[in-house]
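Throughout, read-outs are computed from the coordinates displayed, never taken from laboratory work. This structure is a prediction, so every number in the text was calculated from the model and none was measured. Here the Cβ positions follow ideal geometry from the backbone for every residue, glycine too, while neighbour counts run over all protein chains shown.
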Amino acid sequence: MSAIRLLVLGAVRLHGRAHGYMVRNDLEFWGAHEWSNAKPGSIYHALKQLAKQDLLRPYDTAPSTAGGPPRTEYELTDAGEAEFFRLLRHALTAIDEKPDMLTSGIGFLVDLPRDEAVALLKERIAALDAWRAEVTEHWTPAESTPEEWGHIGEIMKLWVYNSESGARWTRGLVERLEDGAYVMAGEGERHPTVLPPGMKNPYAEKSGSSSEK
């Protein structure tokens, strides 16, 4: 599953209504173009595809008073809202996705009620623990005969290490949430944007031109 759908839906949702450059600017501020497939072309393509699928509602705007071109703004439809939360819940619980899916999910973690976020993360821990147990029981070379596996045994050791470290990190996040960290959904006001007003985008030069597509 591609993280770009979750990233784009979530970025639009943060604003209520947003055009492509706003979405791109937010995601670049996160550095999402470095750790996911959220490159400029992918972002604009995703916006158009999500609109075709009735997950985003497009609005054509008038040209700016400064002479800029008209832009298409988007907002989530009811179906888009449901898809956003479906993807978010999947991102937090699935252990067989690429790392950018979990990273994207953590980026929108605060859009969930605290109790639900904790419950989803505990599902993740249970899945990681179950995977570790399976690998340890059926796939890990015995300490007494590691030579029978050769270097392939290192793969299984890597799986065990990743499941252990992933579960340990997730338990830490659960503990922080249960201790009251962050402002979760329904708990108060948060700034609606990723990039605070007036803050320079540190990735602007690295990512190239900021012109609207």
By average C-beta atoms within 10 angstrom, highest first, the peptides 9-17, 159-167: 9-17, 159-167
Karplus-derived HN-Hα couplings along segment 13-29 (A = 6.51, B = -1.76, C = 1.60, θ = phi - 60°), whole Hz, x at Gly and Pro: 4, 4, 8, x, 8, 8, 9, x, 5, 4, 4, 4, 4, 4, 5, 5, 5
Amide H within-cut-off set for Arg71, under 5 Å, with H built and near neighbours excluded: Thr61
Of Lys98/Lys122; Lys98/Lys157; Lys52/Lys122; Lys39/Lys157, pairs whose Cα-Cα distance is over 25 Å: Lys52/Lys122; Lys39/Lys157
Nonlocal amide H pairs with His19, under 5 Å, H built at 1.01 Å: Tyr74
Ranked Met156, Met22, criterion: other C-beta atoms within 10 Å, fewest first: Met156, Met22
Sequence-distant residues sharing a close amide H with Leu56 (under 5 Å, placed H): Ala51, Thr77
Using θ = phi - 60° and Karplus 6.51 cos²θ - 1.76 cosθ + 1.60, couplings along segment 166-173 (whole Hz; Gly, Pro as x): x, 5, 5, 4, 5, 4, x, 5
